[in-house]
Structures are given as structure tokens and as C-alpha cells.
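Have a look at the structure below before the remarks.
The values are calculated or read from the model by the stated rules, or taken from the named source; none is laboratory data. Here the structure is a predicted model, which is why all the values come from computation and not from measurement. Note that we place each Cβ from the backbone using ideal geometry, even for glycine, and neighbour counts take in every protein chain shown.
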Amino acid sequence: MKHLYLLGSLLALAACAPQPSPPAASAPPPARPVAAAPPPAMAAPPPPVSTTRVSFDGRYAGALTLAASGMSQTYENRSGCVSQRPATMLVRNGNVYLEYANWKRHKLHYRGRVDPGGAVTAYHTNSDGSRSILSGQISGGQMTGDMQRGPCNYAVSLAMR
């Protein structure tokens, strides 16, 4: 019985002992070098994307000039169209604020946006609920455009101060 106890103890001890790992599989021998074709020519890298953002922020001043419209001088005077009006514009963070005094000397306000390319679109809501539209382009510190207000069509020319 002692032998049996001794044999059981030895088996239990052997089971707890670390087992040797199986032999590692050997890697196949390296392939013989074969003449390889040269890698394909790399395409030219794309031009870097400009991360500089053009800022149109600033104050602009200039005039609205009545554009040639084919209206008779008589109708032109009765319509409230005036030949020229001084105007100012403020651009801040892509927002446009333009103001000028109309023929009755009331200050009119246009509000809108300038896009990253310099295109300007601004609106004024008239007393009858209709809208007057200003559209233009800022380039080189100059804003040029058109403004339609009722029967009056103005050329807009403003320069950054």
C-alpha cells in the first residue's frame, strides 16, 4: 500500500511540474532571389492644400451709382431713384452689413454673407415686405456689385479703408 501511495504522489507531482514545450516548427528555407522588376514610378504628389483663409474683414466705403436703365428722367425722379448715394459696409467673420441713406434720408440696412471666394449676397426687407438684393464680389480690397431696389438698379463700388 505504501508503494501505491508513493506512486500516486509521484504522479501528482509530475503533473504539476512544468512541461517542456513542443519543438518549434522549422521555417522553410528562404526562396532563392529572383530578379525583380523595378517598382512602378511614383506619381507626383498633389499640390498642398492651402490652409490660409482669405479674410475679407474690414470697413469698406464708396458709393451706389444709379445704373443706366432706360427709364425716362421724369419717372426716375418720381420713383425715388437717386443718381448716387454714399454707402458703407462692414465685413466681420463672413457677415456683411451695408448701410446707406435713401432719397428720404432714411438709413437702409442690408445684411448678408460673404463666401470664402469673396462672393457677397445681402438683403434688405422693404416696408411692403418685399426684399431688395445686393450681390457682388470682393477682390483686392474692392467690392463691386449690383443692387436692385424697386425700380432702381444701382452699381455698387466700395473700397476697403
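Any idea how many residues of the stretch 109-136 are of a type in the set (Gly, Ala, Ser) and either surrounded by fewer than 17 Cβ atoms within 10 Å (Cβ to Cβ) or in contact (Cβ under 8 Å) with a residue 40 or more places away in the chain (or both)?
Qualifying residue count for the region: 7.
When only residues in the stretch 63-121 that are acidic (Asp, Glu) and either under 17 Å from residue 152 (Cβ atoms) or in contact with a Gly (Cβ under 7 Å, 6 or more places away or on another chain) (or both) count, which is modelled with the lowest pLDDT?
76
Go through the stretch 127-143 and give me each residue that's β-branched (Val, Ile, Thr) and within 15 Å of residue 115 (Cα to Cα).
138
Looking only at the stretch 95-108, count how many residues are closer than 20 Å to residue 144 by Cβ and of a type outside the set (Ser, Thr, Tyr).
So the answer is 5.
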